[in-house]
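Shown next, in structure tokens, is the structure this report addresses.
Rule-based calculations on the coordinates, nothing more; no lab input. Note that this is a predicted model, so its numbers are computed, not measured. Counting neighbours? That spans all protein chains shown, and the Cβs are built from the backbone with ideal geometry, glycine included.
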Amino acid sequence: ATPTAIMAAIGNLTKHGILVKDGESIETLAKIKTVILDKTGTLTYGNPELVEIIPYESKISKDDLIYQLTSLESNSEHPLAKSIVKYYKNNYTEKLLEVTNFKVIIGKGVKGKIEGEEIIAGNKEFMSDKNIELPETYIKNNIESYLNTGSTAIYVARDGFLLGCIILSDILRENAESVISQIKDMDLNTALLTGDNKETGEYIASKVKVDTLKYNCLPEDKTSFIQDLQKQDERVAMIGDGINDAPSLKKADVGISMGDVGSDISIDASNITLISGDIKEIPHLIKLSKRTVKIIN
Ligand code: ADP
Ligand code: MG
């Protein structure tokens, strides 16, 4: 395409709330075969609500469970952590506990020390890495139904013992299903790659009807999925918002970030930004790229 055609396309896209950093990505976008999407913050709004606090047995009260968890999570920048802190501030006033040795385990959770004891919070895999058993009846009776309807569970353990779990529920962005269906109508493949668990991933994938789902993804799992497609000479667009998506946004032929909830690192790593995170503009973006390239070449 001529520079003029590219300039015109960029101008049009700006009016649609799409910021294009380099004209080349318009030309590349016209040739993609697969669109990969992240879940939390990309297909969903990324502001999950805390819906339930579920202590394990009577070891601990709900108030104490959320108190200890929030003390830990107040050190994290993750959207899940922010939601927990927000819930706490809306419902409690007590000053949080001091946490030392805070550490993030990407794609799994967080850990730190409170009063000299290790406290950890995160997903099932993280608990299993730490040898914390999640008793089957506790999960079946209290948690499973939430997971099967798309919510996320965060387990909390202190000093090697399970304290309980909290449930966070995020909602799909408006138009998520129709956006995927329009992308498929352009004869493109769609894949959902999430760091979240199997049940949550499957629920969202069945709602929006993507062709492929990969769950429990670490950042490097997302990049290697992209690399495998590229080895088959396919061009790939990746849409994501998190720090965990930055490597795959870079790796993809075209990286698209979310301007509303996206981390600075993900926006820097991308070629294109949806300024208000409006995914309904994605089909227009792809169609316009195709038109721009076709008319001029
Ligand atoms: P996604 O790819 O869906 O955007 P992430 O890779 O950021 O998700 O996170 C994957 C999973 O790791 C989350 O679903 C959660 O279970 C766990 N996790 C990440 N950060 C935290 C945190 N601060 N506290 C608890 N759990 C976390
Ligand atoms: Mg995300």
* Structure fact -> Across I139, I171, I36, the residue with the highest GNM fluctuation in the chain (Cα network, 10 Å cutoff) is I139
* To do: Springs between alpha-carbon atoms under 10 Å, Gaussian network over the chain: tell me which of L37, L172, L96 tops the mean-square fluctuations.
  => L96
* **Distance in nm between pseudo-label sites at K33 and A8 (7 Å out along the Cβ direction from Cα)** => 3.1
* Straight-line reach from K108: which aspartates and glutamates have a Cα under 12 Å away, not including same-chain ones fewer than 8 places off? -> E125, D129, D196
* D63 to S145: extension gain in nm, 0.36 nm per residue of separation minus the Cα-Cα distance? -> 27.2 nm
* **Reach of K15 by Cα under 16 Å, taken over lysines that are not fewer than 8 positions away in the same chain** => K280, K287
* Cα-based equivalent ellipsoid, segment 151-297: semi-axes from gyration tensor eigenvalues, Å -> 30, 17, 15
* Structure fact -> Note: E220 to S276 extended length (0.36 nm per residue) minus current alpha-carbon separation gives 17.4 nm
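Tell me, what is the FRET efficiency for S128 and S206 to the nearest 0.05, using R0 = 30 angstrom and their Cβ-Cβ distance as r? Mind showing how you got there, number by number?
Details: r = 26 Å, r/R0 = 0.85.
Taking R0 as 30 Å, the efficiency between S128 and S206 is 0.70.
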* Quick one: which of 245-252, 266-273, 202-209 comes out on top by average Cβ neighbours within 10 Å, and what's the full order, highest first? -> 245-252, 266-273, 202-209
* Each residue of segment 137-151 in turn: what ³J(HN,Hα) in whole Hz from Karplus with 6.51, -1.76, 1.60 and θ = phi - 60°, glycine and Pro shown as x? -> 5, 4, 5, 4, 7, 10, 10, 3, 5, 5, 5, 6, 10, x, 7
* To do: Please find the FRET efficiency linking K103 to D233, where r is the Cβ-Cβ separation and R0 is fixed at 45 Å, and quote it to the nearest 0.05.
  => 0.65
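Let's see if you can work this out: charge +1 on each Lys and Arg Cβ, -1 on each Asp and Glu Cβ, no other charges. What is the dipole magnitude of segment 49-169 about its Cα centre, in debye to the nearest 20?
Working: 14 positive and 18 negative charges, 58 e Å.
That gives segment 49-169 a dipole magnitude of about 280 debye.
Considering only DSSP beta bridges with both partners in the chain, what is the antiparallel share in %, to the nearest 5? Before the final figure, lay out the partial values.
Numbers: 31 of 50 bridges.
Roughly 60 percent of the beta bridges in the chain run antiparallel, per DSSP.
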* Would you kindly state how much longer the chain becomes between T93 and K184 on full extension, computed as 0.36 nm times their sequence separation minus their alpha carbon distance, in nm to one decimal? => 27.9 nm
* Structure fact -> Given Cβ charges of +1 for Lys and Arg and -1 for Asp and Glu, the option among N91, I54, I239 whose Cα lies farthest towards the positive end of the dipole of the chain is I239
* Expressed as a rounded percentage, what relative contact order does segment 49-169 have, with Cα pairs under 8 Å and six or more residues apart? -> 30
